[in-house]
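So the structure is just underneath, and the comments pick up after that.
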Amino acid sequence: MRLPKMVGRGVFVAAAIGLGLAAQHVAAGPSEGEQYRKSEADQRVEAALKERLPRTQVSRVDCSRVDGVCEVTAGSQLFYVDRSGRYLMIGRVYDMQTRQDLTAVRLLEVNPDLLVGGAAGSRREVEAAEAPRRGMNAASAASGAPRTLSLASLPEAGGIVWGNPGGQTVTVFSDFRCGYCRALSGVLDQMGVKVIERPISILGSRALAEQVFCASDRRRAVKQAYAGEAITETRSCDASALDANERFAREHGLSGTPVIVRSDGAVIEGFRPREALAAWLKGAKS
């Protein structure tokens, strides 16, 4: 029997599973390969898990990320326990002050290759894990009506423009640490469209967005940011124009990325393959 996947809805989805978990098993993957120093709390919890979950290969225990809770990495999965190692919690941790889904951030770190390809089944698992943060408009989803957004209130200065200047215009609300945004960026680059990228900080990426915004070659900086490379040829500049993107996202409930807006205001949320995007763009109303 496996531990359930991380598909909870927002905060912790329920817990207090004691010694009865001893017979459960988590399929272990390769270690994260990260170098870190174990604290006394980490070692104590790790020892407790060896006793209570003897068939679970724990890659890492980190009791420093969230007060009172220890994050446990087991292969490609995450779960949480209290600092005694007795109570196990399966779900997502959301920082309400910084508005970050901390579990999503860690899932991206643990499984970066799953976000840009991989087996179809693995992709579905990651999509399920990320679904709560992709910001699907509940009313539109319930009614089946397509969502639209007017971008008229957004200042031109807040967009990072790249791609084909003569191509069809696509506006993308993105996060440079979002794997789906990285994949979408590559697809749009191949399609020859004009992209107006409007970064919003879902995964704590505001500083990175400012580096791209202030780069002398923004197109190159976009590629570097998505590749996880250092941004070269940066300069000091006023990046306050990006504030409008963040404000617009809050006002319109854009709590996840990517969000793609067509020239006529039609919206799709989440990554789409090239064929689907091409068909969707053809439907734009002039």
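Could you list, in sequence order, all residues of the stretch 51-82 that are among the hydroxyl-bearing types (Ser, Thr, Tyr) and touching a His at 6+ places or on another chain (Cβ under 9 Å)? Answer for the stretch 51-82, where residues must be among the hydroxyl-bearing types (Ser, Thr, Tyr) and touching a His at 6+ places or on another chain (Cβ under 9 Å): just THR56.
Hey, among SER240, SER255, SER205, SER216, which residue is among the hydroxyl-bearing types (Ser, Thr, Tyr) and more than 27 Å from GLN100 (Cα to Cα)? Walk me through it before giving the result.
Details: SER240 fails: more than 27 Å from GLN100 (Cα to Cα); SER255 fails: more than 27 Å from GLN100 (Cα to Cα); SER205 fails: more than 27 Å from GLN100 (Cα to Cα).
None of the other options fit; the residue is SER216.
Can you pull out every residue in the stretch 48-68 that is among the aliphatic types (A, V, I, L, M) and more than 17 Å from LEU107 (Cα to Cα)?
ALA48, LEU49, LEU53, listed by residue number.
With respect to the stated conditions, MET1 is farther than 25 Å from GLY228 by Cα, at pLDDT below 80 and not assigned by TED's automatic domain parsing to the domain that holds ARG182.
Among the candidates ALA152, ALA139, which residue alone is small (Gly, Ala, Ser) and modelled with pLDDT under 90?
Details: ALA152 fails: modelled with pLDDT under 90.
Within the list ALA152, ALA139, the selection yields ALA139.
Checked against (1) surrounded by 15 or more Cβ atoms within 10 Å (Cβ to Cβ); (2) of a type outside the set (Val, Ile, Thr); (3) at pLDDT 90 or above; (4) closer than 30 Å to LYS285 by Cα, GLU210 passes all but a single condition, namely (4). When VAL187, VAL170 are checked against the criterion of being assigned to a helix (DSSP H, G or I), on the phi < 0 side of the Ramachandran plot and of a type in the set (Val, Ile, Thr), a single residue qualifies: VAL187.
At pLDDT below 90, of a type in the set (Ser, Thr, Tyr), outside the structural domain of ARG250 (by TED's automatic domain parsing) and buried (at least 21 other Cβ atoms within 10 Å of the Cβ): is that true of THR56 in this structure?
Working: at pLDDT below 90: yes; of a type in the set (Ser, Thr, Tyr): yes; outside the structural domain of ARG250 (by TED's automatic domain parsing): yes; buried (at least 21 other Cβ atoms within 10 Å of the Cβ): yes.
Taking the combined requirement at face value, the residue satisfies it.
Out of ARG262, ARG219, which single residue is of a type outside the set (Val, Ile, Thr), modelled with pLDDT of 95 or more and closer than 18 Å to SER174 by Cβ? Going through ARG262, ARG219 in turn, the sole match is ARG262.
Do the conditions hold for ASP189, that is, is it more than 12 Å from ILE260 (Cα to Cα), charged (D, E, K, R) and surrounded by fewer than 22 Cβ atoms within 10 Å (Cβ to Cβ)?
Numbers: more than 12 Å from ILE260 (Cα to Cα): yes; charged (D, E, K, R): yes; surrounded by fewer than 22 Cβ atoms within 10 Å (Cβ to Cβ): yes.
Answer is yes for this residue.
If I ask for residues that are outside any strand (DSSP E or B) and hydrophobic (A, V, I, L, M, F, W, C), which ones from the stretch 34-71 would you list?
Of everything in the stretch 34-71, those that are outside any strand (DSSP E or B) and hydrophobic (A, V, I, L, M, F, W, C) turn out to be ALA41, VAL45, ALA47, ALA48, LEU49, LEU53, VAL58.
The values are calculated or read from the model by the stated rules, or taken from the named source; none is laboratory data. If you're wondering where the values come from, they're calculated on a predicted model, not measured in any experiment. Neighbour counts run over all protein chains shown; Cβ positions are idealised from the backbone, glycine included.
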